[in-house]
C-alpha cells in the first residue's frame, strides 16, 4: 500500500516545484514589464534643447533655443561665455565681441526656473543694427559659447553647449551662480 502513496507524493512534489517555477517566472516577467513601462514613460517625457543662430546680411542676428523633444525642459542653469570666460549679461557679451558700447540689443529672460515646453522656441538675443549684427555674428562663431543645463520631469538632466554635438547626460545640473549671468 505504500507504493501508490509514494508515487502520488512524488507527483505532488513535482507539481509543487513546477508551480513554484511558474510563479517565479510570472513575477520576473511582471518586473520586466514594469521596467519597460517606466522606460517608455521616461522616453515620452524626454526634452531635447537645440541651440541655433540666424543671420543674413541686412536682417537681424538672432540666437535661440528650441525644445525639439517630446517633454518639457526645466532649465537649471544657463551661462554665456566669451573667449571661454563667463560674462554677466548679453550687453557684456555683445560689447566684448563687437567693441560697441551701445549695441542696441533685445534679449529674453532665460535661465534657472525657465520651462521650455515641447516645440517651443525662445529667442535669447536679437541684434537689429546691421553693423553690430554682422560683427557679432562673425565673432560669435569662434568666441561665443552658451551653455544650458536642463532636466526632464523625471529629473534626468543634460548639459548642452560646452562642445559641438549632442547634449551630454549628467547626474545633476551644476548650481547656477546668479553673479555669472543675469540676463
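The values are calculated or read from the model by the stated rules, or taken from the named source; none is laboratory data. Everything numeric here is computed off the predicted structure, so don't read it as measured data. Positions of Cβ are backbone-derived with ideal geometry, glycine not excepted, and every protein chain shown enters the neighbour counts.
Scoring residue 130 on the criteria (1) crowded, with 19+ Cβ neighbours inside 10 Å; (2) at pLDDT below 90 leaves a single failure, condition (1). Every test in (1) outside any loop (DSSP other than H, G, I, E, B); (2) in contact with a helix residue (DSSP H, G or I) (Cβ under 9 Å, 6 or more places away or on another chain) is passed by residue 142 save one, and that test is (2).
Going residue by residue through segment 61-72, is there one that turns out to be exposed (fewer than 10 other Cβ atoms within 10 Å of the Cβ) and more than 22 Å from residue 113 (Cα to Cα)?
So the first thing to find is which residues in segment 61-72 are exposed (fewer than 10 other Cβ atoms within 10 Å of the Cβ), and the list is none.
Checking segment 61-72: not a single residue is exposed (fewer than 10 other Cβ atoms within 10 Å of the Cβ) and more than 22 Å from residue 113 (Cα to Cα).
For residue 113, the criteria (1) more than 22 Å from residue 172 (Cβ to Cβ); (2) part of a loop (DSSP other than H, G, I, E, B); (3) over 13 Å from the mean Cα position of the chain (by Cα) hold in every case but one, which is (1). Can you find even one residue in segment 114-124 that is surrounded by 15 or more Cβ atoms within 10 Å (Cβ to Cβ) and farther than 15 Å from residue 47 by Cα? Yes, because at least one residue in segment 114-124 is surrounded by 15 or more Cβ atoms within 10 Å (Cβ to Cβ) and farther than 15 Å from residue 47 by Cα. Can you tell me which of 156, 166 is modelled with pLDDT of 90 or more and surrounded by fewer than 20 Cβ atoms within 10 Å (Cβ to Cβ)? Exactly one residue qualifies, and that residue is 156. Take the conditions (1) in contact with a strand residue (DSSP E or B) (Cβ under 9 Å, 6 or more places away or on another chain); (2) closer than 18 Å to residue 63 by Cβ; residue 175 misses just one of them, which is (2).
Of these, 80, 56, which one is in a loop (DSSP other than H, G, I, E, B) and either under 14 Å from residue 140 (Cα atoms) or over 19 Å from the mean Cα position of the chain (by Cα) (or both)? It is 56. Candidates in segment 32-59 are the residues that are in contact with a strand residue (DSSP E or B) (Cβ under 6 Å, 6 or more places away or on another chain) and more than 21 Å from residue 151 (Cα to Cα); of these, the one that is surrounded by the most Cβ atoms within 10 Å (Cβ to Cβ) is 55.
Can you confirm whether residue 148 is touching a strand residue (DSSP E or B) at 6+ places or on another chain (Cβ under 9 Å), closer than 15 Å to residue 63 by Cβ and surrounded by 18 or more Cβ atoms within 10 Å (Cβ to Cβ)? Before you say what the answer is, go through the steps one by one.
On the way: touching a strand residue (DSSP E or B) at 6+ places or on another chain (Cβ under 9 Å): yes; closer than 15 Å to residue 63 by Cβ: yes; surrounded by 18 or more Cβ atoms within 10 Å (Cβ to Cβ): yes.
When the stated conditions are applied, residue 148 passes them.
Residues 24, 29: which one is modelled with pLDDT of 90 or more, outside the structural domain of residue 139 (by TED's automatic domain parsing) and either more than 30 Å from residue 154 (Cβ to Cβ) or surrounded by fewer than 14 Cβ atoms within 10 Å (Cβ to Cβ) (or both)? I'd like the intermediate steps shown before the answer.
Details: 29 fails: modelled with pLDDT of 90 or more.
None of the others qualify; the one that does is 24.
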